[in-house]
DNA sequence: CCCTGTACGGTACTGCGCGTACCCTAAGGG
DNA sequence: CCCTTAGGGTACGCGCAGTACCGTACAGGG
């Protein structure tokens, strides 16, 4: 048979297959044999590139997602915060987000996965976006300067994440996002004198 | 050999063995074979009582834990909140908490486990304790009446939980608890006018 | 244009863990 | 005292991670 794929081409095929398996069965259901079969190759070619399943999982996730970091500027702190949460909620509810959640869940029992996820998680970038948002609010006189604080910036996303962890999974209703902003985030900003 | 255990006695022995395995290796590392061996019996006796590993895991967890709900009354809102967080942190850092976290992690991939855990999580009781705490602060004139709100009450524990999810595992340092109280919880209470 | 090293493909195998089947044997109630 | 019931011993079947071996196509240098 003429064409035997090599190098880049094969690697893309494997990542594609792994991503499809992730989307279909989650990380727990992604088996090396099925990935190999779907890619039309065998486990050898996979293990020659990634040392274990966790590495492949993270690589496949990276392959299908280049998440654009949102940076809304609606003119009000409330509008910006709500927009950030809505975009995050949308991302995490999507099939793509299901993959991410599945990886995060698995990471709790798999230190290798946890390390791999931490660097790629984009949490830092997210925090910076929130801090920038707060700085703009301060510049507008909408918030006291003391509101620009890492814990304040990280709180809303953490609450949203905890909401996901508590409910089964699917999607957090918009009312919850509004409550997080109106009952927690804005009072918190206001209270930091 | 004269004595062959039956019924209640055997069941307690199995649960005890399962709890010890949970404490030693977490849920992911609790194997049916080892539980059977430690209990001095075989998998037959286990599967006759619980349909699958998840059921045994939850049953074993219940067997070794009747968590006392803390209800501190230090005289100040700050003292109460810090005490609640410290006790939660201690519980979750303990072997017992490790078991709980391990079960929760596994629950993300195992719907049966998730259902079993939800009823036993004690989240409601926890929220009530925080609301009572806030009500006392209001009575002392330490907080505005509007601060008594479910989202406010739930926020600190959610932040602590998110902190656990982010870091690898072991224990959240006390400084973080203090920051959650001083930089988030108290300003939040103050800002709810 | 051949020759050789390297990567791919095929396959088989170890090790482990869940869940099941089968058969023998001790308990203990009628 | 016997007969049903439940425990004990053991051996499976199955699926999956990761490894080993070997033959073979491909690329690139001579």
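The values are calculated or read from the model by the stated rules, or taken from the named source; none is laboratory data. All values derive from a computational prediction rather than experimental measurement. Cβ atoms come from the backbone with ideal geometry, glycine included; neighbour counts cover every protein chain shown.
Residue A:58 satisfies every condition listed in (1) more than 16 Å from DNA strand C (Cβ to nearest atom); (2) within 14 Å of chain B (Cβ to nearest Cβ); (3) under 30 Å from residue B:24 (Cβ atoms); (4) in contact (Cβ under 8 Å) with a residue 12 or more places away in the chain except (2). Screening residue A:76 with (1) crowded, with 18+ Cβ neighbours inside 10 Å; (2) away from DNA strand C (no atom under 16 Å from the Cβ); (3) more than 21 Å from residue A:162 (Cα to Cα) gives one miss only, at (1).
The residue pairs whose first member lies in segment A:3-25 and is at pLDDT below 90, whose second member is in a helix (DSSP H, G or I), and whose beta carbons are closer than 7 Å, counting only pairs six or more residues apart or on different chains, are A:5/A:13; A:22/A:57; A:22/A:60; A:22/A:61; A:22/A:99; A:23/A:95; A:23/A:99.
The sole residue among B:32, B:84 that is within 12 Å of DNA strand C (Cβ to nearest atom), out of contact with any strand residue (DSSP E or B) (no Cβ under 9 Å at 6 or more places or on another chain) and modelled with pLDDT of 80 or more is B:32.
Looking only at residues of segment A:29-41 that are surrounded by fewer than 16 Cβ atoms within 10 Å (Cβ to Cβ) and within 12 Å of DNA strand D (Cβ to nearest atom), we find that the one that is farthest from residue A:103 (Cα to Cα) is A:37.
The single residue among B:157, B:166, B:126, B:117 that is within 14 Å of another protein chain (Cβ to nearest Cβ), out of contact with any helix residue (DSSP H, G or I) (no Cβ under 7 Å at 6 or more places or on another chain), surrounded by 15 or more Cβ atoms within 10 Å (Cβ to Cβ) and at pLDDT below 95 turns out to be B:166.
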